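Chemist: Please see the structure below; I have some questions.
The values are calculated or read from the model by the stated rules, or taken from the named source; none is laboratory data. Worth saying up front: this structure is predicted, and the values here are computed from it rather than measured. Neighbour counts are summed over all protein chains in view; Cβ atoms, including those assigned to glycine, are modelled from backbone coordinates with ideal geometry.
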Amino acid sequence: MNMYNDIVMDHFMNPRNVGEMKEPDGIGIYGSPTCGDLMQIHIKIEDDVITDAKFKAYGCGSAIASSSMATTLIIGLKVEEALKLTNGEIVDKLEGLPEAKIHCSVLADMAIKKAIFDYAESNDKHYDALKGFDPYEMQEEEHVCICGKDEES
Ligand code: FES
């Protein structure tokens, strides 16, 4: 039996919004130095609305499916709304990931927040949801990857 449902497989095999932009308004890169999985998100923002998002991923199928789904969810959202998106909601929209793969959705969630943080910093914008957000401090704490390398010892 396939461990992934049809929605996850569809976003993995046909990921939406893959690529990067020439002049993004915000760039977010988030990854696990432990396993090497890495997510990059570019966003375009006009009048405080995310008008486009593109991602590139070096990661497992769950990370790719999560990022694909996440970009489709944030396009059209106001920045404050996009900041409320959680990895749990991404997983819900995918109608579930195997328990051991839930953490992979954190890559997209955090890369989006970092992209918005980058936009806010360069445009002197302030969002309540970013208060206390430290993109550097959270890098290793939130994403504990189990793609193998962590378990070998
Ligand atoms: S992101 Fe899925 S195993 Fe590392």
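Chemist: If you go through the range 1-60, how many residues are at pLDDT 95 or above, within 15 Å of the ligand (Cβ to nearest atom), in contact with a Ser or Thr (Cβ under 6 Å, 6 or more places away or on another chain) and assigned to a strand (DSSP E or B)?
Modeler: So the count comes out to 1.
Chemist: Say we look at the range 105-124 and pick out the residues that are over 16 Å from Lys56 (Cα atoms) and surrounded by 15 or more Cβ atoms within 10 Å (Cβ to Cβ); which of these is farthest from the chain's Cα centre (by Cα)?
Modeler: In this case the residue turns out to be Ala120.
Chemist: Out of Asp37, Asp25, report the one residue that is in contact with a Leu (Cβ under 7 Å, 6 or more places away or on another chain) and surrounded by fewer than 24 Cβ atoms within 10 Å (Cβ to Cβ).
Modeler: Going through Asp37, Asp25 in turn, the sole match is Asp37.
Chemist: Quickly run through the range 75-95 and pick out the residues that are assigned to a helix (DSSP H, G or I), of a type outside the set (D, E, K, R) and surrounded by fewer than 24 Cβ atoms within 10 Å (Cβ to Cβ).
Modeler: Answer for the range 75-95, where residues must be assigned to a helix (DSSP H, G or I), of a type outside the set (D, E, K, R) and surrounded by fewer than 24 Cβ atoms within 10 Å (Cβ to Cβ): Val79, Leu83, Asn87, Gly88, Val91.
Chemist: Only one residue in Ala63, Ala115 is hydrophobic (A, V, I, L, M, F, W, C), in a helix (DSSP H, G or I) and modelled with pLDDT of 95 or more, so which one is that?
Modeler: Among Ala63, Ala115, only Ala115 is hydrophobic (A, V, I, L, M, F, W, C), in a helix (DSSP H, G or I) and modelled with pLDDT of 95 or more.
Chemist: Answer with yes or no whether Val49 is over 16 Å from Ala108 (Cβ atoms) and either surrounded by fewer than 18 Cβ atoms within 10 Å (Cβ to Cβ) or among the small types (Gly, Ala, Ser) (or both).
Modeler: Criteria met by Val49.
Chemist: Tell me whether the range 99-110 contains one or more residues that are modelled with pLDDT of 95 or more, more than 11 Å from the ligand (Cβ to nearest atom) and not in a strand (DSSP E or B).
Modeler: Keep residues of the range 99-110 that are modelled with pLDDT of 95 or more, which gives none.
The answer is no; no qualifying residue exists.
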